[in-house]
Every structure is written in structure tokens, then in C-alpha cells.
Amino acid sequence: MSSGTKTTADYIQHHLTNLTYGQLPDGSWGFAHSAEEAAQMGFWSINVDSMAWSIGLGLVFTLFFRRAAAHATAGVPGGLQNFVEMIVEFIDETTQSIFQHKNDLIAPLAMTIFVWVFLMNLMDLVPVDWLPELAVLLGVSHMKVVPSTDPNITMAMALTVFMLILYYSVKCKGAMGFIKELTLHPFPSLAAIPVNFVLEFVSLIAKPLSLGLRLFGNMYAGEMIFILIALMFGGGVAFFIFGGVLQWVWAVFHVLVITLQAFIFAVLTIVYLAQAHETEEH
Amino acid sequence: MNLNATLLGQSITFAIFVWFCMKYIWPMLGTAMRERQEAIAAGLRASEEADQKLASAATNAESEMAAAKEEASAIIEQARSRANQMVEEAKDEARQEGQRILDAAKAEIDQEMNRAKEALRADVAALVIAGAERVIEDNIDASKHDTMLTKLASEL
């Protein structure tokens with residue numbers, strides 16, 4: 001905890017508030033000073049911390065992998081190339097086992113999702129107070145360092161995947177084919193069209209929602225538990241030691257969670273896009 | 001935790017990173033890995049072929065070795081029989097030569113003996129006449145007793 005004058009609620013609130021830039025109540029543009037103020041900014045505001053960490057981690061991914069790709073040789077690979085190739089092969093095998101059609105976008109898309117989401121999730125393992133307190137010292141009021149605990153980030157990726165699902169559905173099945181799938185399935189009769197449409201539309205909308213909210217929910221809950229464990233450090237020596245042990249246990253468990261969540265996001269993206277490419281009736 | 005323009009920003013960022021990965025990362029790594037796979041596969045194939053060649057060379061060498069051994073023993077056998085034959089021939093020749101020398105020697109001895117007999121025969125007549133003259137103390141006309149002398153000499 002940063003200072004004794006803060007209450008526990010304030011501490012948690014501070015950790016869960018983004019650094020939001022938008023139009024302030026007085027009409028000028030600037031950073032929101034509280035969660036309420038950020039909420040009042042409406043849609044045309046931006047979570048600067050989420051975007052900065054997200055772009056920064058994306059750059060880490062692209063620069064590292066680009067470096068490996070630029071120096072890639074068919075000879076004996078070096079350490080970096082070996083590591084990158086391991087991931088490429090893992091993604092390639094996963095993609096080929098799920099996605100049987102010809103599309104050069106799917107595997108790079110899955111790899112970008114897997115590595116980028118993994119890196120964003122990885123920020124959860126940085127002790128919760130380090131970077132926000134450093135930001136306060138530098139004069140920045142709020143700093144949420146795990147982009148995947150921001151629903152804007154996870155939903156943006158889910159919606160982008162959703163756009164691709166719609167695009168490839170129409171492209172592969174044709175507009176009529178896609179409409180038929182939404183209306184004449186699972187009950188192939190004219191009378192059942194409304195029922196079919198409700199069922200299919202819900203399952204279609206459920207794809208991006210479940211994709212984005214699953215990642216957000218898991219990471220938000222994980223972050224929350226780290227924050228709650230961090231609260232124990234202010235409660236005396238016994239609590240400090242107990243909290244330290246808990247944090248270690250939760251972090252070890254979280255290594256599994258962040259990898260799994262990144263993998264699930266990538267695999268479900270491949271599965272959904274494979275379904276979008278499916279043209280035969282079933 | 002309100003939805004705002006971060007949604008758009010992240011979508012655009014996402015699209016850019018995916019595009020970059022598809023354009024500048026994935027193909028290079030894929031190509032390098034495919035090439036390496038092919039090189040390794042070719043190497044394995046080559047080593048398999050070399051193994052097979054080595055095995056066939058070994059069997060070749062073995063059969064050639066066996067053939068050479070057979071030939072060598074045949075040559076030795078031939079040489080041995082030739083040597084025996086030569087020894088036999090030499091023995092025959094030596095035997096014939098010895099026989100010839102022996103025959104010649106015998107012929108010469110016979111000849112000498114005959115010559116000695118002839119000489120003896122010539123001397124016998126003279127000796128007989130001389131002995132008889134001594135006995136009868138008179139000359140004997142050898143020509144009167146020629147028939148008897150010749151008969152006596154031939155009895156020798």
C-alpha cells in the first residue's frame with residue numbers, strides 16, 4: 001500500500017482504474033482523475049495505459065519475431081530463432097489440425113493472438129504495486145499494466161475476429177448461403193425460420209462475447225486476487241509472510257492460467273474461422 | 001471499466017500487428033523451416049543410400065575375395081601338377097639317358113671283347129704252331145694245317 005491515509009477500498013479502486021484521456025466535465029481535454037470522471041467521458045475517451053502497454057507489448061512481439069524472421073536461415077538456428085520457430089511450429093500444427101482450408105491469414109493471426117495475449121497476460125505476474133506506484137512517482141495518477149484486464153482490449157480483439165468471421169462466412173458461403181445458415185438451421189423448414197434465426201443469431205453473437213469476456217474475466221479475477229493478496233502486506237509480519245506465500249502460489253498457478261487463456265483465445269479464433277469457411281450443409 | 005474508444009484503438013493496433021506478422025514474420029520463418037526440413041530429409045536419404053552402397057560394396061568385396069581365393073587355389077593346384085609333371089618328365093629323360101649311356105657302354109665292351117677275341121684267335125694259331133714245333137722239333141707248314149687251326153681258333 002502506498003500510503004497509510006488511503007482506505008482499502010481506495011487502494012482497490014485505484015488499482016482498477018484506467019488512465020483515461022477524454023473531455024473533462026468543464027469542457028477541456030485531459031486525464032480523468034477518478035473512475036467516475038472517466039465514466040462520464042463517454043465513448044470518445046481512451047484508456048492511455050491499456051493502449052500504451054498493449055502497443056508496447058505488441059512491439060516486443062513483432063520486433064523479436066521480426067528479428068528472428070529477418071535472420072532466419074535454413075541452417076542451424078540460433079537461440080532466438082530456435083525459440084521463435086518452436087512457437088511457429090506449435091501454432092502451425094495447431095492451425096493445421098483444426099483449419100483444413102487454404103488461408104494464409106489464419107496461422108499468422110493465431111500466432112499474433114497467442115503471443116500478444118500471452119505477453120499482455122504476463123504483465124499480471126509483475127507485482128501489482130510496482131508499476132502503478134512508479135507511475136505515481138512520475139506524476140501519472142493511474143496505471144493499469146495488464147491490458148487484458150481492460151474489457152476494451154479483449155472485446156476489441158474479439159470483435160475484430162468477429163468481423164473476420166462475418167467476412168469469411170459471406171465470402172465462402174455467399175450472402176444467401178450465410179443467410180440460409182442463419183435461418184434454415186437447425187430445423188430446415190420455412191415455419192421454423194424465426195426459431196432458427198433466434199438460435200443461430202444467439203450462437204453467432206455468443207462467439208465474440210464469450211471470446212472477449214472469457215479472457216477479460218479470467219485476467220480481471222486473477223488481478224483482483226493479486227490485489228487482495230497485496231492488501232495483506234500491510235497487516236503485520238504474520239500477514240506479510242502469509243501473503244508472500246499466497247502470492248507465490250497464486251503466481252505459479254497463474255503462469256498456467258495466462259498461457260492457457262492465450263492458447264484458448266487463439267484456438268477458438270481458428271475454430272470459429274474454420275466454421276466460417278465450412279460450406280457444406282450439416 | 002466502461003467501453004470507450006480504446007475499443008477502436010486496440011482493433012486497429014490488432015489489425016496492424018496481424019498484418020505485419022502475416023507479411024514480414026510468418027513467411028520467412030516458414031520458408032526457413034521448410035528448407036531446413038527438406039535439407040534434413042535429403043541428408044537422411046543420402047545417408048541411407050550411402051549405407052546401402054556400403055552394404056552392397058561389402059558383399060561385392062566378399063564375393064570378389066572368394067573368387068580370388070578360388071582362383072589362387074586353382075593356380076596353385078595347376079602349378080603343383082605341372083611341377084609333378086616336370087619332375088616325372090625329368091625322371092623319364094634321366095632314365096632314358098642312363099639307359100642310352102649303359103647301352104653304348106655295353107656295345108663298346110662287346111666291341112672290345114670281340115676285338116680282343118679276334119686278336120687272341122690270331123695269336124692262338126701262331127702259339128699252337130710254335131708249341132707243336134717245340135714238341136715235334138720240326139717245322140710245321142702252317143698252311144697244311146690251316147683248316148684244323150681255324151677250327152681250333154674258332155673254339156675259343
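The values are calculated or read from the model by the stated rules, or taken from the named source; none is laboratory data. Everything numeric here is computed off the predicted structure, so don't read it as measured data. All Cβ positions, glycine included, derive from the backbone under ideal geometry; neighbour counts span all protein chains shown.
With the structure loaded, tell me whether residue B:79 is surrounded by 10 or more Cβ atoms within 10 Å (Cβ to Cβ), small (Gly, Ala, Ser) and touching a helix residue (DSSP H, G or I) at 6+ places or on another chain (Cβ under 8 Å) or whether it fails that test.
Details: surrounded by 10 or more Cβ atoms within 10 Å (Cβ to Cβ): yes; small (Gly, Ala, Ser): yes; touching a helix residue (DSSP H, G or I) at 6+ places or on another chain (Cβ under 8 Å): no.
The answer is no for residue B:79.
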Quiz item: Tally time: how many residues in the range A:155-185 are touching a helix residue (DSSP H, G or I) at 6+ places or on another chain (Cβ under 7 Å) and either small (Gly, Ala, Ser) or under 18 Å from residue A:38 (Cβ atoms) (or both)?
Solution: 4
Quiz prompt | Spans of helices (runs of 4 or more DSSP H) in the range A:33-126 with at least 1 residues at the interface with chain B (Cβ under 10 Å from one of its Cβ atoms) and at pLDDT 90 or above | solution = A:48-70, A:79-98, A:106-122
Self-check item: Residue in the range A:241-282 that is nearest to residue A:207 (Cα to Cα), counting only those that are of a type in the set (S, T, N, Q) and surrounded by 18 or more Cβ atoms within 10 Å (Cβ to Cβ)
Solution: A:269
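Would you confirm, using the coordinates I've provided, whether residue A:209 is of a type in the set (A, V, I, L, M, F, W, C) and more than 25 Å from residue A:186 (Cβ to Cβ)?
Numbers: of a type in the set (A, V, I, L, M, F, W, C): yes; more than 25 Å from residue A:186 (Cβ to Cβ): no.
Spelling it out, it is not the case that residue A:209 is of a type in the set (A, V, I, L, M, F, W, C) and more than 25 Å from residue A:186 (Cβ to Cβ).
When you scan the range A:132-142, do you find a residue that is in a loop (DSSP other than H, G, I, E, B) and either under 21 Å from the mean Cα position of the chain (by Cα) or within 14 Å of chain B (Cβ to nearest Cβ) (or both), even just one? Break it down into steps so the answer makes sense when it comes.
Taking the range A:132-142 and keeping what is in a loop (DSSP other than H, G, I, E, B), we get A:138-142.
If we keep only those that are either under 21 Å from the mean Cα position of the chain (by Cα) or within 14 Å of chain B (Cβ to nearest Cβ) (or both) as well, we get A:142.
For the range A:132-142, residues in a loop (DSSP other than H, G, I, E, B) and either under 21 Å from the mean Cα position of the chain (by Cα) or within 14 Å of chain B (Cβ to nearest Cβ) (or both): present.
Consider residue A:238 carefully, then state whether it is surrounded by 15 or more Cβ atoms within 10 Å (Cβ to Cβ) and in a helix (DSSP H, G or I).
Numbers: surrounded by 15 or more Cβ atoms within 10 Å (Cβ to Cβ): no; in a helix (DSSP H, G or I): yes.
So residue A:238 fails the test.
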Quiz item: Considering A:205, A:153, A:225, which residue is under 30 Å from residue A:7 (Cβ atoms) and away from chain B (no Cβ under 14 Å)?
Solution: A:225
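Filter the range B:132-150 down to residues that are surrounded by 10 or more Cβ atoms within 10 Å (Cβ to Cβ) and either in a helix (DSSP H, G or I) or of a type in the set (S, T, N, Q) (or both), then give me how many there are.
8
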Quiz item: From the residues in the range A:36-52 that are touching a strand residue (DSSP E or B) at 6+ places or on another chain (Cβ under 8 Å) and surrounded by fewer than 17 Cβ atoms within 10 Å (Cβ to Cβ), which one is nearest to residue A:25 (Cα to Cα)?
Solution: A:42
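Out of all the residues in the range B:35-48, is one or more farther than 27 Å from residue A:85 by Cα, exposed (fewer than 11 other Cβ atoms within 10 Å of the Cβ) and more than 7 Å from chain A (Cβ to nearest Cβ)?
Initially, the range B:35-48 is screened for residues farther than 27 Å from residue A:85 by Cα, giving B:48.
Filter again for exposed (fewer than 11 other Cβ atoms within 10 Å of the Cβ), leaving B:48.
Subset that is more than 7 Å from chain A (Cβ to nearest Cβ): B:48.
Checking the range B:35-48: at least one residue is farther than 27 Å from residue A:85 by Cα, exposed (fewer than 11 other Cβ atoms within 10 Å of the Cβ) and more than 7 Å from chain A (Cβ to nearest Cβ).
Among the candidates A:148, A:97, single out the residue that is polar (S, T, N, Q) and closer than 24 Å to residue A:33 by Cα. Don't jump to the end; show me each part of the working.
Details: A:97 fails: closer than 24 Å to residue A:33 by Cα.
That would be A:148, the only listed residue that is polar (S, T, N, Q) and closer than 24 Å to residue A:33 by Cα.
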Quiz item: Just a yes or no: is a residue in the range A:197-208 within 30 Å of residue A:145 (Cβ to Cβ) and surrounded by 16 or more Cβ atoms within 10 Å (Cβ to Cβ)?
Solution: yes
Quiz item: Is it the case that the range A:5-26 has a residue that's assigned to a helix (DSSP H, G or I), more than 9 Å from every other protein chain (Cβ to nearest Cβ) and farther than 30 Å from residue A:235 by Cα?
Solution: no
